[in-house]
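Asker: Dumping the structure here so I can ask a few things about it.
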Amino acid sequence: MKIVVSKNAQELGERAAAKIAELLKNAIAEKGSARMILSTGASQFTTLEALVKCDVDWGKVEMFHLDEYIGIPESHPASFIGYLKERFVSKVPLGKVNFVDTSKDVPAMMMALEQLLNEKTVDVGVIGIGENGHIAFNDPPADFSCKRAYKIVDLDERCRRQQLGEGWFPTFDDVPKQAVSMTVRQILKCEHIVSAVPYAVKAEAVKNTLTEDVTARVPATTLKTHMDVTLFIDADSAKDAALAEGYYEIAQCECEDLK
């Protein structure tokens, strides 16, 4: 895992976007097209703002959606489909977009996305880390064994309180209790992973990700088993891990459960 510590969230977003764009352009040059997965949430704002300005042949890029709540419409402020349309899909001419649309027959929708994902490799996974250490909506203790591409998950209290704290819902009771999430195994199938994790509220999660052994209690620790992950953090999210601004690298970890 490569770690890049920036002075603030804005710089982090610009650096993460530049890395994502580089990987997409490399894939397009090599194969004629590229596939990517995008995550959402307040932590991704600066990265997406910078990414839409990058010089990428977007018509050759296919995007997959990471996760979505069950029980809210696209018009809801917290809808991740709405988020992606507003902040990314409407701003670049993507070749193809594949949403996690929970307004449809959910099992059939998950199977259709899985079939698409199985057609060829995803080149770049843009994967955030939650305050509870989750990746996508794989809350602790995460299921590392599921071999499907997506699954229905129950959201834990800390995850739901993060969504409330970010201002997506008026009350805790309004936060959905279930979502459809890409699984841990599917995320780790990405050729490259870029993780943008700014802000002080993520400091504990960053520290646990970097210092804990691979464990379902901190799902993001699984990123350390991947061959090519770049973690972008800022001064605030790096503070508990005692990392100063600069570049770091840690060795890949082995985990039999994820093989």
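The values are calculated or read from the model by the stated rules, or taken from the named source; none is laboratory data. Just so it is clear, the structure is predicted and the values come from calculations on it, not from any experiment. We place every Cβ from the backbone using ideal geometry, glycine too, and count neighbours over all the protein chains shown. To get the accessible areas, we keep the full protein, side chains included, count just its heavy atoms, and leave off ligands, DNA and RNA. Shrake-Rupley method; radii C 1.70, N 1.55, O 1.52, S 1.80 Å.
Asker: Would you compute, for the Cα atoms of the chain, the largest minus smallest coordinate along each principal axis and list the three values in descending order, in whole Å?
Answerer: For the chain, the Cα spread along each principal axis is 46, 46, 37 Å.
Asker: For the range 91-150, which trypsin sites (Lys or Arg not before Pro) are both in a DSSP coil and crowded by at most 16 other Cβ atoms within 10 Å?
Answerer: Here the sparse-neighbourhood loop sites are Lys91, Lys104, Lys120, Lys147, Arg148.
Asker: From the convex hull of the Cα coordinates of the range 119-205, what is the mean projected area in square nanometres?
Answerer: Here the figure is 6.2 nm², rounded to one decimal.
Asker: Ok, one more. For Lys85 and Met227, calculate 0.36 nm times their separation in residues minus their Cα-Cα distance, and state this gained length in nm to one decimal.
Answerer: Answer, rounded to one decimal: 48.1 nm.
Asker: Quick one: length gained pulling Ser145 to Lys2 fully straight, 0.36 nm per residue minus the C-alpha distance?
Answerer: Values: separation 143, 0.36 × 143 = 51.48 nm, distance 2.56 nm.
Here the answer is 48.9 nm.
Asker: Mind checking the per residue accessible area of the chain for me, 1.4 Å probe, whole number of Å²?
Answerer: On a per-residue basis, the chain sits at 43 Å².
Asker: Using the alpha carbon gyration tensor of the range 155-208, what are the three equivalent-ellipsoid semi-axes (square root of 5 times each eigenvalue), largest first, in whole Å?
Answerer: Whole-Å semi-axes of the equivalent ellipsoid: 24, 17, 9.
Asker: What are the semi-axes of the equivalent ellipsoid for the range 50-173, taken as the square roots of 5 times the Cα gyration tensor eigenvalues, largest first, in whole Å?
Answerer: Ellipsoid half-lengths, sorted descending, are 24, 19, 15 Å.
Asker: Sorted by mean Cβ packing within 10 Å, highest first, what order do the peptides 149-159, 216-226 take?
Answerer: By packing density, highest mean first, the sequence is 216-226, 149-159.
Asker: Testing the spin-label approximation: label points 7 Å from Cα along Cα→Cβ at Cys255 and Gln178. State their distance in nm.
Answerer: 2.6 nm
Asker: How far, in nm, would the chain grow between Tyr248 and Lys31 when pulled straight, counting 0.36 nm per residue and subtracting the alpha carbon separation?
Answerer: That pair, Tyr248 and Lys31, stretches by 75.1 nm at full extension.
Asker: Compute the relative contact order of the chain as a whole-number percentage, counting only Cα pairs closer than 8 Å that sit 6 or more residues apart in sequence.
Answerer: 27 percent
Asker: Continuing with the same structure: Which value, in Å² and to the nearest 10, is the accessible area of Met110 when all protein chains are kept and the probe is 1.4 Å?
Answerer: 30 Å²
Asker: For the range 78-83, what does the Karplus curve 6.51 cos²θ - 1.76 cosθ + 1.60, with θ = phi - 60°, yield as ³J(HN,Hα) per residue in whole Hz, taken in order and with x for Gly and Pro?
Answerer: Here the 3J(HN,Hα) series is 8, 4, 6, 5, x, 4 Hz.
Asker: Among Ser43, Ala112, Leu231, pick out the residue whose Cα is farthest towards the positive end of the charge dipole of the chain, where Lys and Arg carry +1 and Asp and Glu carry -1 on C-beta, about the Cα centre.
Answerer: So the residue furthest toward the plus end is Ala112.
Asker: Here's another thing I want to ask about it. In whole percent, how big is the carbon plus sulfur part of the accessible area of the range 105-259, probe 1.4 Å, protein atoms only?
Answerer: Answer for the range 105-259 is 49 percent, counting heavy atoms of protein chains only.
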